[in-house]
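Taking it in order: structure first as structure tokens, then the write-up.
The values are calculated or read from the model by the stated rules, or taken from the named source; none is laboratory data. Quantities reported herein were computed from a predicted structural model and do not represent experimental measurements. Glycine gets a Cβ as well: all are built from the backbone with ideal geometry, and neighbour counts include every protein chain shown.
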Amino acid sequence: MRDVAVIGVGITRFGELWAKSIKDIFVEAALKAMGDAGVDHIDSMYVGAMSPGLFVGQEHLGAVMADYLGVTPVPATRVESACASGGASFRQAFLEVASGASDIVLAGGVEKMTDGADVTDTLATAADQEYEVYHGITFPGLYALIARAHMQRYGTTREQLAAVAVKNHRNGSKNPNAQFRSEVTLEQVMNSAMVADPLRLLDCSPVSDGAAAVIVASMDVAKKLNKNPIRVIASTQASDTIALHSRSDIATLSSVMKAAQKAYKMADVTPADIDFAEVHDCFTIAEIVVSEDLGFFDKGKGGEAAAQGWTAIECNKTPINTSGGLKSKGHPVGATGIAQIIEVYDQLNGNAGARQVKDAHIGMAQNMGGSGASCVIHILEGK
Amino acid sequence: MITARYHREIPQRYRLEAGKCEQCGHVDFPPRIVCPRCKGRRFATVVLHDEGTLVTFTVVRVASDRFSKETPFAVGIVELSDGVRVTTQIADADVDGLQIGQKVRIVFRRIQEDGKAGILCYGYKAVTD
């Protein structure tokens, strides 16, 4: 496989973007990425989106966006892996460039969630429709099932869950593109409305509109463009049972472990070499479980790690979700995986402003679909 | 929940019919075409036990539109005594008194209503006795 690099990025503000359509926000992010990369053409493009059909009644999003971006007739394909659609979109672009089939590919992601759909019902289509959703379970509910199992098994506490939200809001308050640029206190999280016991409103990522795009190129092309390329040193993906109840261990996300093991091997690094990570904190418990299953902390210690500040920007362990994560930055589902790549890219280029991690050389993006039935991991390396 | 889609799940929802792999003995609920354990493709129909324990649970306070009139309601993962796990509501329970490991029994109940087609949709729920 050829060496592959990210050479430019573009993102919209995340939030309730009522004045703009799904086309408007995708084109905005894509044009920013092409401008940032300094390219006037692309060989193909991928659009990660979870459920535009249910959210806005529009499928065939690859062609829609190629048309409105003005790049027809390039090949354009929508990629869907539930909340991991963005990560899967980036991975398709990576594989296409690595294989030599294309030199410059746009990997984007988008979701428009505030146009009036039943968001809870639409998100639940990422679970088993006949044997989970039929019984009334929601996505907060599924992660609540994981949370209660983790609390029972490892003694994880309500305060430790809240510590994840407090930390991610603190980081997000320093991110100009975040949906929520405000800090929250432990008490505010602990007293917020119950959504699915034990998860409360401030344990949950919000409903968001947003788009993100990056330009992926072969290293040869990147050097000709005289860019400061960020190399992709691992791209892996794993799957697991669609239903949470089919898994022997409810408190472990085995797709995360499997994708991580493959990623560390592909990049020839260990968890200790990862200077910072963007992880899929759709709910606070998800960040805790993922931080364990990626190997950053021993199993059962993810809650303690969050509460002790071992995942904060200024920590000397592994800063997690410097962008604010899904919790504070927002979670326009299909855009999330690409937005994670952009935070890693900005950190490795030293462009993360007040969120900058010192001496950041290797960063990870972990994007997850459903209750962990899909996991996509990328590791990027800067200078 | 259109009629055909609902109708084909009736053996599972009404009678807990599962598939037992004739090669390795693994029981799948719902039945599958390929055994996830041994890749076998021949199955016998078996009926799951109706007693089990609560593996984990939550109380849904914010539901999708279809279930919004039912909140709060408890949903959990139940491990039946033959080892098969299912996601199910826990009916008639004091939702604040549930505990992991609690014994439950599966019963036949109404699950939801299809507002557009006017169909009452039935299936299994757990009760705590």
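Look at A:Ala33 and say whether it is under 22 Å from A:Asn228 (Cα atoms) and either touching a Leu at 6+ places or on another chain (Cβ under 7 Å) or in a strand (DSSP E or B) (or both). Write out each step before concluding.
Details: under 22 Å from A:Asn228 (Cα atoms): yes; either touching a Leu at 6+ places or on another chain (Cβ under 7 Å) or in a strand (DSSP E or B) (or both): yes.
Against the criterion (under 22 Å from A:Asn228 (Cα atoms) and either touching a Leu at 6+ places or on another chain (Cβ under 7 Å) or in a strand (DSSP E or B) (or both)), A:Ala33 qualifies.
A quick yes/no check of all residues on (1) more than 7 Å from chain B (Cβ to nearest Cβ); (2) among the hydrophobic types (A, V, I, L, M, F, W, C); (3) buried (at least 24 other Cβ atoms within 10 Å of the Cβ); (4) in contact with a Leu (Cβ under 9 Å, 6 or more places away or on another chain):
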position: A:Gly116; (1), (2), (3), (4): yes, no, no, no
position: A:Thr120; (1), (2), (3), (4): no, no, no, no
position: A:Thr125; (1), (2), (3), (4): yes, no, no, yes
position: A:Tyr134; (1), (2), (3), (4): no, no, no, no
position: A:Leu142; (1), (2), (3), (4): yes, yes, yes, yes
position: A:Ala147; (1), (2), (3), (4): yes, yes, yes, yes
position: A:Met151; (1), (2), (3), (4): yes, yes, no, yes
position: A:Thr156; (1), (2), (3), (4): yes, no, yes, no
position: A:Ala162; (1), (2), (3), (4): yes, yes, yes, yes
Of (1) within 29 Å of B:Thr3 (Cα to Cα); (2) crowded, with 24+ Cβ neighbours inside 10 Å; (3) out of contact with any helix residue (DSSP H, G or I) (no Cβ under 8 Å at 6 or more places or on another chain), A:Gln129 fails just (2)
Only listed residue being at pLDDT 95 or above, part of a strand (DSSP E or B) and more than 27 Å from A:Ser102 (Cα to Cα), chosen from A:Val256, A:Val207, A:Val195, A:Val232:
A:Val195
Just to be sure I understand, how many residues within the range B:93-120 are part of a strand (DSSP E or B) and over 18 Å from B:Asp65 (Cβ atoms)?
7
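Could you run through the range B:97-118 and say how many residues are more than 29 Å from A:Pro198 (Cβ to Cβ) and either touching a Gly at 6+ places or on another chain (Cβ under 8 Å) or away from every other protein chain (no Cβ under 13 Å) (or both)?
If we filter the range B:97-118 for residues that are more than 29 Å from A:Pro198 (Cβ to Cβ), which is where we start, we get B:108, B:113-118.
Cutting the leftovers down to either touching a Gly at 6+ places or on another chain (Cβ under 8 Å) or away from every other protein chain (no Cβ under 13 Å) (or both) gives us B:108, B:116-118.
Residues flagged as more than 29 Å from A:Pro198 (Cβ to Cβ) and either touching a Gly at 6+ places or on another chain (Cβ under 8 Å) or away from every other protein chain (no Cβ under 13 Å) (or both) within the range B:97-118 amount to 4.
For the range B:44-77, enumerate the residues that are in a strand (DSSP E or B), touching a residue at least 40 places away in the same chain (Cβ under 8 Å) and not aliphatic (A, V, I, L, M).
Correct list: B:Glu51, B:Gly52, B:Thr53, B:Thr56, B:Phe57, B:Gly76.
Of B:Arg32, B:Arg41, B:Arg37, which residue is more than 14 Å from chain A (Cβ to nearest Cβ) and not in a strand (DSSP E or B)? Lay out the reasoning, then the answer.
On the way: B:Arg32 fails: more than 14 Å from chain A (Cβ to nearest Cβ); B:Arg37 fails: more than 14 Å from chain A (Cβ to nearest Cβ).
Unique residue meeting the criteria: B:Arg41.
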Looking at A:Asn177, A:Asn191, A:Asn168, which is the one that is away from chain B (no Cβ under 14 Å) and surrounded by 24 or more Cβ atoms within 10 Å (Cβ to Cβ)?
A:Asn168
Before we move on, is A:Ala312 surrounded by fewer than 24 Cβ atoms within 10 Å (Cβ to Cβ) and within 20 Å of A:Ser205 (Cβ to Cβ)?
yes
Suppose the filter is within 28 Å of A:Arg78 (Cβ to Cβ) and assigned to a helix (DSSP H, G or I); does A:Thr125 pass it?
yes
